[in-house]
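Accompanying notes for the structure given below.
Read the figures in this text as sums done on the coordinates, not as results from a lab. Computed from a prediction, not measured in an experiment: that's the story for all the values here. Virtual Cβ from ideal backbone geometry, glycine too; neighbours counted across all protein chains shown.
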Amino acid sequence: AKRNGRGQVFAFSERLRTDFENRRVLFAQIDTALSQDQFEPHFQPQICCETGQLYGCEVLARWRHPERGIVSPATFIAAAEEAGLIRHIDLIMVEKGLDALEDLRARGYAVPSISVNAAPATLRDPDLPDRLLQEVLVRGLSPSDLTVEILENTLVCAHDDTVIRTVEQLTGIGFSVVLDDFGTGYASMSNLSHLKIDGIKLDQSLVQPIPDARAEAIVHALVTLSRSLNMRVVAEGVETPTHFSRMTDLGCDVLQGFIIGHPMDVEGFAAWYEDYTCP
Ligand code: C2E
Ligand code: CA
Ligand code: CA
Ligand code: CA
């Protein structure tokens, strides 16, 4: 073991070095992508269970790379957070998302609202509520046209009260705030007791085991809880007809998932809208 020791240490630090280099390269590429306007929104439809009508859509960031084509957020969100650039991406999604909302409505598509994702760093910006209000007002839109999805872990990580104040301001202005990936964090319930938010988004991990008695019992309990707290329940990762019908029967308000529609660019979304029939 001793004989190999140095070789192993060398290989290890060599790997660390390349990881570090690779990350630095990726940071620089994201920076360039921002200055060359390569981030664009894709839109995933959300359906209202009660009416079967479009409820809204989630705006999901995509990187249109000149050589690599469309790059998924799995490749760049964590790096953008580490590089301190996520706030820019989040705000671009707000701007471009609202532009698309205006454009779609002008073309006659009844899109009630859009949802955007706010990373922890984005939410920690005390100017966020004002910025969002500006973006809505300059387009003649209303705060109720915009939902902000925040990760429940954001709230646990935020040792300061900034995040809590920001959330209170957002809902005070009339934006909707929902807790994303609900059920995956350590403090789901404690977050709910501290914050007046408008809804929860059940994580895919709660939806995908269905049909399954235990998973359905949990969803049922969360729907009941949400009702009594006056919150809506959005279920994501709805992939099968069984997911769709069980989540509807269990009392979810809004469904999102591949069985309804994948994330699409604006033209893809418009085409989806023309063709959509409730499963
Ligand atoms: P998320 O906010 O939980 O978004 C839902 C993810 O689930 C999306 O992945 C979506 O394409 C995927 N999805 C939707 N329906 C289904 C389904 O039926 N089955 C399965 N298996 N997956 C489904 P995507 O677009 O790759 O985004 C991944 C994550 O990246 C997002 O998870 C979000 O955390 C982050 N992200 C994406 N766009 C932004 C953004 O603009 N800002 C920030 N801060 N984060 C973003
Ligand atoms: Ca989300
Ligand atoms: Ca989610
Ligand atoms: Ca997620």
| request: Taking all pairs of distinct Cα atoms, average 1/r, flip it, and tell me the Kirkwood hydrodynamic radius of the chain in Å to one decimal place. | output: 20.2 Å
| query | Given springs between every Cα pair under 10 Å in a Gaussian network model of the chain, which of S35, S113, S144 has the largest fluctuation? | reply | S35
| query | Once both axes come from the Cα atoms, what is the angle between helix 266-275 and the longest principal axis of the chain, in degrees from 0 to 90, rounded to 10? | reply | 40 degrees
| Sparsely packed chymotrypsin sites (Phe, Trp or Tyr not before Pro) within region 82-190, loop by DSSP, other Cβ within 10 Å at most 13 | Y186
| said: Loop only by DSSP, 12 or fewer other Cβ within 10 Å of the Cβ. Give me the GluC sites (Glu not before Pro) in region 17-68 that pass, ordered by residue number. | reply: E50, E67
| request: Take the alpha carbon atoms of region 184-258, find their center, do the same for region 110-125, and report the distance between the two centers in whole angstrom. | output: 19 Å
| message | Give the residue list of trypsin sites (Lys or Arg not before Pro) in region 49-92 that are DSSP loop and have at most 15 other beta-carbon atoms within 10 angstrom. | response | R68
| Among A100, F27, S13 the positive-end extreme of the charge dipole of region 1-131 (Cβ point charges) | S13
| task | Please give, to one decimal in nm, the separation of the simple spin-label points placed at D19 and A121, each 7 Å out from Cα toward the Cβ. | result | 2.0 nm
| field | Computed helical MRE - 222 nm, the chain, DSSP H runs ≥ 4 contributing -39500 (n - 2.57), nearest 500 | value | -16000 deg cm²/dmol
| said: With a cut-off of 8 Å between alpha carbons and a minimum separation of six or more residues, what is the relative contact order of the chain in percent? | reply: 18 percent
| remark: Rounded to the nearest 10 degrees, the helix 162-173 long axis (Cα) sits at an angle to the longest Cα principal axis of the chain of 30 degrees
